[in-house]
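**Q** Please read through the structure below; I'll follow up with questions.
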Amino acid sequence: MMGFTEYEAYDGIGLAHLVKSGTVSATEVLDAAIERVEARNPAVNAVVQKLYDHGRAQIAAGLPDGPLKGVPFLLKDLGSALAGTRTTRGSRFFADLPPMPADSLHVTRIKRAGMVIFGKSNTCEIGLSLTCEPQLHGASRNPWDLSRTPSGSSGGASAAVGARMLPIAHASDGFGSIRGPAASCGLVGLRPTRGRNTQWPYAGEGMMGYAIEHAVSLSVRDNAALLDATHGSGPGDPYSAPPPARPFLGEVGADPGQLRIAFTAKAPNGAPVEADYLRVLRETATLCEEFGHIVEESDPKVDGEAIVPTFRTISAVNALNAIRSHPSGVMPGPGDLETVVANTVKLAEAIDGATLMSATQTAHRIGRQMAVFHENYDVLLTPGLGTLPPKLGWLDMMMDDLDEYWRRVFHFSPFTVWFNTTGQPAMMIPLGRNADGFPIAVQAVACYGDEATLFRLAGQLEAAKPWFDHKPALVTQ
């Protein structure tokens, strides 16, 4: 690597400090990121739109003096709109849409933070998987093991950050699509409280409140700094999250006090959990006790068996709505959609309004059940995943059996969709590794609106068991 060779020694805030002090220029930082994309992207297939000229134009126009000034950033090719660029949604059906006419408010806030957008990352078709193997762009690969998925749907984002192309990248999460990739690639991944980040002006909410945008990152503080920059409702949003008492970045490193922490190894759908994930969960619980927190094993009393069926009803109807949203008004023909998406749309056509409303009420009931649980506990810890990220091809979106497809998805990641259902903030923290050095994560969940507690606890855990210098062989070779 030439130029700014120390680039990978810094997280986003570290890079921003260098830019603000004049130690390096934003152009030097961008060139370092581009150099790594060019060198490593052929192995992991994370970046599917190279917008290098866009990034250079941002710098030439003058960057705002925000908290992440000069930090390179990738947008996921799904969700947030960047004016003048296409959003393909990882789908052949949407690949030829016209460029977006204007930035979404979320992107506007990212730019105000001083970040330099220089590409778009790979995603599965319309985000409907926990892998990233779209027919349109091809599979993204996990930088820790190129035979495995980086998870999805923010698989390109997590593969890029995991391969140290950049320290933080845009992601979104409808049933684990921030947290699954973060856990799979050794990163921090926060699914914020429902309504914390706006989708204005293109949508009032994502997937009836299940989906929300944020990021995967190398450090806890970068995750907090970005949420400080982006949070808040937009005009006419249907709801908003409770406002934070102070900046989220100020919570990282702050004393969390004595927290009441529960942990559970019981997946709501009854899926088994591999031994390494159980071990790291218990190691984390023990570490929290050593910090002085009150820790006990406790299984939340929720209608766990209803979580996956409820999600499947709501996600199917939203998939149908997404397909019908094609601006041409045409519906897909044979081969235009991957089989899982096509069969999901077909399933949705038979779901009536009363069934959809019943699913919505079930989701709300589970949210109330978790609210009761959090009257006694500040944080719930769960395993990050049920298994290591599967080999590419196992979560096959061209398979015909839709029930088997979803069984595989929630065998791999049985703990994530639970908190899309309830709208709570949930964070993956890469606190362990297996015998081969593969990262193993724990999920920490707080009550609705309380990201602050997650940032305080995650900062405490990061200081005790840092992971920043644990890198895949792809990076160190």
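Each reported figure results from applying straightforward, stated rules to the coordinates on display, with no laboratory input. Since the model is a prediction, treat every value here as computed from it, not as a measurement. Reconstructed Cβ throughout: ideal geometry from the backbone, glycine too, with neighbour counts over all protein chains shown.
**Q** Give the Debye-formula value of log10 I(q)/I(0) at each listed q (0.17 Å⁻¹), with one equal scatterer per alpha carbon of segment 390-448, two decimals each.
**A** Taking Cα atoms of segment 390-448 as identical point scatterers yields -0.77.
**Q** Can you list the residues, at least 5 places off or on another chain, whose amide H is less than 5 Å from the amide H of residue 426, using H built in the peptide plane?
**A** Correct list: 191.
**Q** Bin width 10 Å, alpha-carbon pairs only: give the P(r) of segment 374-477 as whole percents, running from 0 to the bin holding the largest distance.
**A** Distribution as computed: 13, 35, 33, 17, 2 percent.
**Q** Return one quarter of the surface area of the convex hull spanned by the alpha-carbon atoms of the chain, equal to its mean projected area, in nm². Present the calculation step by step, with values, prior to reporting the outcome.
**A** Details: hull surface 80.8 nm².
Taking a quarter of the hull surface, the average projection is 20.2 nm².
**Q** Rank-order 208-216, 316-324, 383-391 by packing density, defined as the average count of other C-beta atoms within 10 Å over each peptide's residues, highest first. Intermediate results must be reported in sequence, preceding the final value.
**A** Working: 208-216: 25.7, 316-324: 19.4, 383-391: 23.0.
The peptides rank, most packed first, as 208-216, 383-391, 316-324.
**Q** Continuing with the same structure: Pop out the ³J(HN,Hα) list for segment 144-154 in order, Karplus 6.51 cos²θ - 1.76 cosθ + 1.60 with θ = phi - 60°, rounded to Hz; leave Gly and Pro as x.
**A** 7, 6, 5, 8, 10, 6, x, 6, x, 7, 7
**Q** Take the alpha carbon atoms of segment 132-179, find their center, do the same for segment 384-421, and report the distance between the two centers in whole angstrom.
**A** Value for the Cα centre distance between the two parts: 15 Å.
**Q** Could you work out the mean projected area of the convex hull around the alpha carbons of segment 254-323, in square nanometres to one decimal?
**A** Numbers: hull surface 29.7 nm².
Computing the convex hull of the Cα atoms and averaging its projections yields 7.4 nm².
**Q** Ok, one more. Quick one: net charge of residue 173's neighbours, Cβ under 12 Å, K/R +1, D/E -1? Please list the in-between numbers first.
**A** Numbers: positive: 76, 179, 191, 194, 196; negative: 213.
For residues surrounding residue 173, the net value is +4.
**Q** What is the dipole size for the chain, taken about its Cα centre, with +1 at each Lys and Arg Cβ and -1 at each Asp and Glu Cβ, in debye to the nearest 20?
**A** On the way: 40 positive and 49 negative charges, 112 e Å.
About 540 debye.
**Q** Oh, and also: Lys and Arg at +1, Asp and Glu at -1: add these up for the other residues within a Cβ distance under 11 Å of residue 48 and post the number.
**A** On the way: positive: 50, 76, 86, 120; negative: 77.
Spelling it out: positives minus negatives among the neighbours equals +3.
**Q** Give me Rg/Rg_expected for segment 25-174, where Rg uses Cα atoms only and Rg_expected = 2.2 N^0.38 Å with N residues. Provide the component values of the computation, followed by the final result.
**A** On the way: Rg = 14.3 Å, N = 150, 2.2 N^0.38 = 14.8 Å.
Computed over Cα atoms of segment 25-174, the ratio equals 0.97.
**Q** What does the charge count around residue 36 come to, taking other residues whose C-beta lies under 11 Å from its C-beta (Lys +1, Arg +1, Asp -1, Glu -1)? Numbers along the way, then the final one.
**A** On the way: positive: 40, 164; negative: 8, 31, 35, 38.
So the surrounding residues net to -2.
**Q** Here's another thing I want to ask about it. In whole Å, what are the extents of segment 1-106 along the principal axes defined by its C-alpha atoms, from largest to smallest?
**A** Taking the Cα atoms of segment 1-106, the three principal extents are 45, 32, 20 Å.
**Q** Further question: Whose amide H sits under 5 Å from the amide H of residue 263, counting only residues 5 or more places off or on another chain, with H placed in the peptide plane?
**A** 296, 297, 298, 381
**Q** What share of the DSSP beta bridges in the chain is antiparallel, in percent to the nearest 5? Please list the in-between numbers first.
**A** On the way: 30 of 43 bridges.
Expressed as a percentage, antiparallel bridges in the chain total about 70.
**Q** Looking at this model, which pairs from 346/471; 301/346; 50/266; 266/465; 20/120 are more than 32 angstrom apart at the alpha-carbon? Present the calculation step by step, with values, prior to reporting the outcome.
**A** On the way: 346/471 43 Å; 301/346 34 Å; 50/266 42 Å; 266/465 25 Å; 20/120 25 Å.
Too far apart for the 32 Å limit: 346/471; 301/346; 50/266.
**Q** Give me D for segment 177-304 in µm² s⁻¹, whole number, from Stokes-Einstein with Rh from the Kirkwood sum over alpha-carbon pairs, 37 °C and 0.692 mPa s.
**A** Working: Rh = 17.1 Å.
Value of D from the Cα-based Kirkwood radius: 192 µm²/s.
**Q** Could you pull out every whole DSSP H run in the chain that spans at least 27 Å of Cα extent along its own axis and averages 0.0 or higher on the Kyte-Doolittle scale? Mind showing how you got there, number by number?
**A** Numbers: long enough: 353-373 (30 Å, 0.16).
Those that pass (Cα extent of 27 Å or more, hydropathy at least 0.0) are 353-373.
**Q** Arrange the peptides 184-191, 90-97 so that the one whose residues have, on average, the most other Cβ atoms within 10 Å appears first.
**A** 184-191, 90-97
**Q** Next question, about the same structure. Just how many % of Cα pairs in segment 422-477 lie over 15 Å apart, if you round to the nearest whole percent?
**A** Details: 844 of 1540 pairs.
Considering segment 422-477, 55 percent of its Cα-Cα pairs are separated by more than 15 Å.
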